[in-house]
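Notes follow once the structure below has been shown.
The values are calculated or read from the model by the stated rules, or taken from the named source; none is laboratory data. What you are looking at is a predicted structure, and each value in this text was computed from that prediction instead of being measured. Using ideal geometry, Cβ is built from the backbone for each residue, glycine included, and neighbour counts are taken over all protein chains shown. Each accessible area value is taken on the protein alone, full model and side chains, heavy atoms only, with ligands, DNA and RNA left out. Shrake-Rupley method; radii C 1.70, N 1.55, O 1.52, S 1.80 Å.
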Amino acid sequence: MNTMQMSPEFATAFRARLVEHVTTTARPKRRRALLAGGITLTLVLGGTAAAAATGLIPLPGGTEITELAETTSGTFTGTGALELGERPADTTGVAVSLTCLTPGTFTFDDGASVTCSAVSDSAYPTTYVVPADAVTGNQVGIVTGPDSVWSMTATWVLAETTEWAVNVDGYTYGVINENGEPDLIAVMTTDNQPGYVWRMDLNDANGTTAAESFTSPEDALRWQEENAGTVHYIPVYESDGTTQIGEFQVGGN
């Protein structure tokens, strides 16, 4: 299946964010950056965008998409751009459905990318919302190798963040968004079932909790080196936070 990633510097982002912990006091912002710096969590966010842009009801805290124009489509070889027509006044982004027709890495206008390792990946189109301020003019583009073949369907959209839900015990659940993190964060289990992990469990597994004790950049770098390649499996629950339905993998590739 396609794997959402950030652009080339993505592999070193976690190290940079850990070091940043030493010199910043903006705790909520720091924690969100750490979460965004993890490959596994990028998958979570990408999945949310996909659900929203395909017209499904978004998860709590997710993005609700309203199409503002007709969709347009095209097939390209190498780097290219799809003309969208005039940009409506209320536009906040472009909903894109990208299909890899050959293996390759395909980078969106905002730097996010999808890597297809085999032709069979074309069975899983990647749906993503590119922020409007990352789009130049009235077209949305993809940067890729000269021999990579891809197709795209896209349209201007209004994307609005929904509220997190609250379970019977008073805990919030949903997806990470610009407002922060709910108590129970939406993920997919290792066998592709939707569910939720406790924020504390996730922070313990991805290094956020450890970062709270760092007193120098060397502490951050030492932690990263000691945990390189480590894989953690944390329990995934239904929205009640008690009924376990599977596990979520943090770390590894």
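Residues that are among the hydroxyl-bearing types (Ser, Thr, Tyr) and buried (at least 17 other Cβ atoms within 10 Å of the Cβ) within the range 221-253 comprise 237, 239, listed in sequence order. Within the range 124-136, the set of residues being touching a Leu at 6+ places or on another chain (Cβ under 9 Å) and open to solvent by 20 Å² or more (accessible area, probe 1.4 Å) comprises 125, 128.
Looking only at the range 135-189, residues that are within 26 Å of residue 101 (Cα to Cα) and of a type in the set (Val, Ile, Thr) come to 10 in all. Whenever a residue of the range 68-89 is without any contact (Cβ under 8 Å) to a residue 24 or more places away in the chain, its partners that are crowded, with 16+ Cβ neighbours inside 10 Å and not basic (Lys, Arg), lying with C-beta atoms within less than 9 angstrom and at least six residues away or across chains, give the pairs 89/68.
Suppose we filter the range 211-220 for residues that are open to solvent by 20 Å² or more (accessible area, probe 1.4 Å) and under 20 Å from residue 183 (Cβ atoms); how many remain? Count: 1.
Among the residues of the range 75-92, count how many are assigned to a strand (DSSP E or B) and surrounded by 14 or more Cβ atoms within 10 Å (Cβ to Cβ).
Restricting attention to the range 75-92, the residues satisfying the condition of being assigned to a strand (DSSP E or B) are 75-77, 80-83.
After this cut, where a residue has to be surrounded by 14 or more Cβ atoms within 10 Å (Cβ to Cβ) as well, the list is 76-77, 80-82.
Within the range 75-92, residues that are assigned to a strand (DSSP E or B) and surrounded by 14 or more Cβ atoms within 10 Å (Cβ to Cβ) number 5.
Residue 58 satisfies every condition listed in (1) at pLDDT 50 or above; (2) in contact with a strand residue (DSSP E or B) (Cβ under 8 Å, 6 or more places away or on another chain); (3) more than 14 Å from residue 176 (Cα to Cα) except (3). For the range 108-123, the tally of residues that are open to solvent by 50 Å² or more (accessible area, probe 1.4 Å) and modelled with pLDDT under 80 stands at 3.
Per-residue answers, yes or no, for (1) under 25 Å from residue 70 (Cβ atoms); (2) assigned to a loop (DSSP other than H, G, I, E, B); (3) free of Cβ contacts under 8 Å to residues at least 12 places away in the same chain:
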{"residue": "106", "(1), (2), (3)": "yes, no, no"}
{"residue": "109", "(1), (2), (3)": "yes, yes, no"}
{"residue": "114", "(1), (2), (3)": "yes, no, no"}
{"residue": "129", "(1), (2), (3)": "yes, no, no"}
{"residue": "140", "(1), (2), (3)": "yes, no, no"}
{"residue": "152", "(1), (2), (3)": "yes, no, no"}
{"residue": "155", "(1), (2), (3)": "yes, no, no"}
{"residue": "160", "(1), (2), (3)": "yes, no, no"}
{"residue": "163", "(1), (2), (3)": "no, yes, no"}
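Counting only residues that are more than 10 Å from residue 239 (Cα to Cα), open to solvent by less than 90 Å² (accessible area, probe 1.4 Å) and out of contact with any helix residue (DSSP H, G or I) (no Cβ under 8 Å at 6 or more places or on another chain), the range 163-190 holds 5 of them. Here is a check on your reading of the model: is residue 208 among the β-branched types (Val, Ile, Thr) and in contact with a Leu (Cβ under 7 Å, 6 or more places away or on another chain)? So residue 208 fits the description; yes.
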